[in-house]
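Scroll down for the structure; my scribbles are underneath it.
The values are calculated or read from the model by the stated rules, or taken from the named source; none is laboratory data. If you're wondering where the values come from, they're calculated on a predicted model, not measured in any experiment. Every residue, glycine as well, gets a Cβ built from its backbone with ideal geometry; the counts of neighbours run over all protein chains shown. These accessible areas exclude ligands, DNA and RNA; they are computed on the full protein's heavy atoms, side chains included. Shrake-Rupley method; radii C 1.70, N 1.55, O 1.52, S 1.80 Å.
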Amino acid sequence: SVIRGAGRPGATTMAGLDRSIGVVLLVGHHARAGSFPGIMAHTISYGGFKLVRLAGAPIGEADFFARRAGELGVPVGMVSGDQVSAQQVAALCPQVETVIVKEALGNQAARCLAPSRAREMIAQGAKNAVGRALAGALLPLDAQGPYEFEIELRITVGDDMRANLSGFAEFEIVADYVVRVVAPDMDLGFRRVAYLGYADQPGVTRH
């Protein structure tokens, strides 16, 4: 089954994650913002965010998801994508199966495997990860909040964003291009960071 559409609970593509899940498989992931090379390297907002940091270190969506899984006691078993995304996830989750289906040559160029071959590799990687999870060989990431993020925007904070953020204690504008966000857990952390991607719309305060 697939959870789709606006208004999904939780951190978007992890909307179905709860403590009953046996293992997380990150299929078709990309490198974090600021990475080069890295196909479509970005964090949450491709056009809006230049960089997202957690405790001063750059992070990507896979970092959010692995930590959220860890909070719930669920291990990350596999990641598929280019070599950069695989390296980044493996640095955080050393036990992960890495399935590299394309070699990033830049942010918009890659040497890609044929889809039929890529599907075979992803299927085998998933099988390996599920088998290891069932055998108890995978451990969840030790992650717990609270968290503090800094989001470096591509454009300066405008009047509408300032007005929207003024009503939230968890957001702080620290520079014309930088907003600090705090959250008690990674579910709210993802949603609050993602909110900055559309917080420049007048009166939009839901996140």
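A few notes on this one:
- Where Glu150 falls short, out of the listed (1) open to solvent by less than 40 Å² (accessible area, probe 1.4 Å); (2) touching a residue at least 40 places away in the same chain (Cβ under 8 Å); (3) under 20 Å from the mean Cα position of the chain (by Cα): (1)
- Of note, Leu113 does not satisfy the criterion of being touching a residue at least 24 places away in the same chain (Cβ under 8 Å) and either over 24 Å from Ala69 (Cα atoms) or open to solvent by 80 Å² or more (accessible area, probe 1.4 Å) (or both).
- Flag: Gly38 matches the condition of being at pLDDT 95 or above, of a type in the set (Gly, Ala, Ser), over 12 Å from the mean Cα position of the chain (by Cα) and surrounded by 21 or more Cβ atoms within 10 Å (Cβ to Cβ).
- Unmet requirement for Val76, which otherwise passes all of (1) of a type in the set (A, V, I, L, M); (2) touching a residue at least 40 places away in the same chain (Cβ under 8 Å); (3) surrounded by fewer than 23 Cβ atoms within 10 Å (Cβ to Cβ): (3)
Residue-by-condition table, conditions (1) out of contact with any strand residue (DSSP E or B) (no Cβ under 8 Å at 6 or more places or on another chain); (2) at pLDDT 95 or above; (3) of a type in the set (S, T, N, Q):
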{"residue": "His30", "(1), (2), (3)": "no, yes, no"}
{"residue": "Ile44", "(1), (2), (3)": "no, no, no"}
{"residue": "Gly47", "(1), (2), (3)": "yes, no, no"}
{"residue": "Leu51", "(1), (2), (3)": "no, yes, no"}
{"residue": "Leu54", "(1), (2), (3)": "no, yes, no"}
{"residue": "Pro58", "(1), (2), (3)": "no, yes, no"}
{"residue": "Met78", "(1), (2), (3)": "no, yes, no"}
{"residue": "Gly81", "(1), (2), (3)": "no, yes, no"}
{"residue": "Val84", "(1), (2), (3)": "no, yes, no"}
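- Residue in region 93-102 that is surrounded by fewer than 24 Cβ atoms within 10 Å (Cβ to Cβ), touching a strand residue (DSSP E or B) at 6+ places or on another chain (Cβ under 7 Å) and hydroxyl-bearing (Ser, Thr, Tyr) present: yes
- Of all residues in region 157-183, those satisfying the criterion of being of a type outside the set (A, V, I, L, M, F, W, C), open to solvent by 70 Å² or more (accessible area, probe 1.4 Å) and free of Cβ contacts under 8 Å to residues at least 24 places away in the same chain are Asp159, Arg162, Ser166, Glu172, Asp176.
- Matching residues, region 126-142, being surrounded by 17 or more Cβ atoms within 10 Å (Cβ to Cβ) and of a type in the set (A, V, I, L, M): Ala126, Ala129, Val130, Ala133, Leu138, Leu141
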